[in-house]
């Protein structure tokens, strides 16, 4: 039976949160929300709520033991380190990467991590990638937009080239999409339910139409939350590719032809959604994730849905696919 490997799960540090509170304003702020917690806001729309378990490794290991998770590949969550001066962004990345590397050593065999990079400052990002990889990072985490910019923007090419040369897995994780204020996503905290999945869908769709996977052939993109709405929309993307010339300016391959190059996690919350994700991506391309310990993260339900699969498909999603792409 394959080890259970959770590829979508998060941790924070108090140092990181203090830096964010001091340097990320006025666009990004930390304010109280209903329920008694404080949430990180973008343009007054809450989009990430730090909870005590994000700072507590013993609680994480206890949860893993109780649920039956063998390995957690941890990462920072949004808004990552795409704020502040170059020096502050690099410091925030180093705080998180060093803390995760130390946790990996303390909990050997149980913790791996995606490093965070100050993507908006390419030279600093390249140096931090090299440093974090030397300290044991298993991959890279990037948000679906970098302070409003698309991941396919030319200025990020040097970072992608370096990651591609290392053939690393990259977790594309959503954040608040541009325009949250215009879309009134402060109401009902719609950023969490709709905005995040929209952000990932848009980011990956851009990659598919942009020729991104033609340029970077070694890296492994893992699209969060079952790749957003992509499993439901891939047929529409292909239809647009066939009928709209603008969709064919950067690539001559239909979006669906890249499905064998993309990975998705299993953080989808219904069996039907997981089944569709597997149908579109294939049994070798879907990885178990829990989104623990976010307020809507649910390791018990997410693992139960994976365990309800059958045969080789179940073992691949539980951990076999992750063992392969992370070389664990």
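The values are calculated or read from the model by the stated rules, or taken from the named source; none is laboratory data. This structure is a prediction, so every number in the text was calculated from the model and none was measured. When we count neighbours, we look across all protein chains shown, and the Cβ atoms used for this are built from the backbone with ideal geometry, even at glycine.
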Those residues of region 3-46 that are in a helix (DSSP H, G or I), out of contact with any strand residue (DSSP E or B) (no Cβ under 9 Å at 6 or more places or on another chain) and either crowded, with 21+ Cβ neighbours inside 10 Å or touching a residue at least 12 places away in the same chain (Cβ under 8 Å) (or both) come to a total of 5
Pairs, first without any contact (Cβ under 8 Å) to a residue 60 or more places away in the chain in region 82-99, second in a helix (DSSP H, G or I) and surrounded by fewer than 21 Cβ atoms within 10 Å (Cβ to Cβ), C-beta under 7 Å, six or more apart
86/124; 90/124
Given the criterion more than 23 Å from residue 86 (Cβ to Cβ) and in contact with a helix residue (DSSP H, G or I) (Cβ under 9 Å, 6 or more places away or on another chain), identify the matching residue among 144, 138, 157, 167.
138
Filter the helices (runs of 4 or more DSSP H) completely within region 157-274 down to those with at least 3 residues that are out of contact with any strand residue (DSSP E or B) (no Cβ under 9 Å at 6 or more places or on another chain).
157-166, 196-210, 230-243
Anything in region 221-248 that is more than 24 Å from the chain's Cα centre (by Cα) and either closer than 13 Å to residue 200 by Cα or touching a residue at least 24 places away in the same chain (Cβ under 8 Å) (or both)? List them, or say none.
241, 247
Does residue 59 meet the test of being closer than 29 Å to residue 315 by Cβ, loosely packed, with under 13 Cβ neighbours inside 10 Å, modelled with pLDDT of 85 or more and over 21 Å from the mean Cα position of the chain (by Cα)?
no
Across (1) touching a residue at least 60 places away in the same chain (Cβ under 8 Å); (2) closer than 30 Å to residue 39 by Cα; (3) buried (at least 19 other Cβ atoms within 10 Å of the Cβ), residue 212 clears everything bar (2)
Considering every residue within region 280-290, establish whether at least one is assigned to a helix (DSSP H, G or I) and farther than 14 Å from residue 9 by Cβ.
yes
Please give the number of the condition residue 203 fails out of (1) at pLDDT below 95; (2) surrounded by 15 or more Cβ atoms within 10 Å (Cβ to Cβ).
(1)
Among (1) modelled with pLDDT under 85; (2) more than 22 Å from residue 89 (Cα to Cα); (3) in contact with a helix residue (DSSP H, G or I) (Cβ under 8 Å, 6 or more places away or on another chain), where does residue 35 come up short?
(3)
Within region 294-305, identify whether any single residue is under 24 Å from residue 76 (Cβ atoms) and surrounded by 23 or more Cβ atoms within 10 Å (Cβ to Cβ), and answer yes or no.
yes
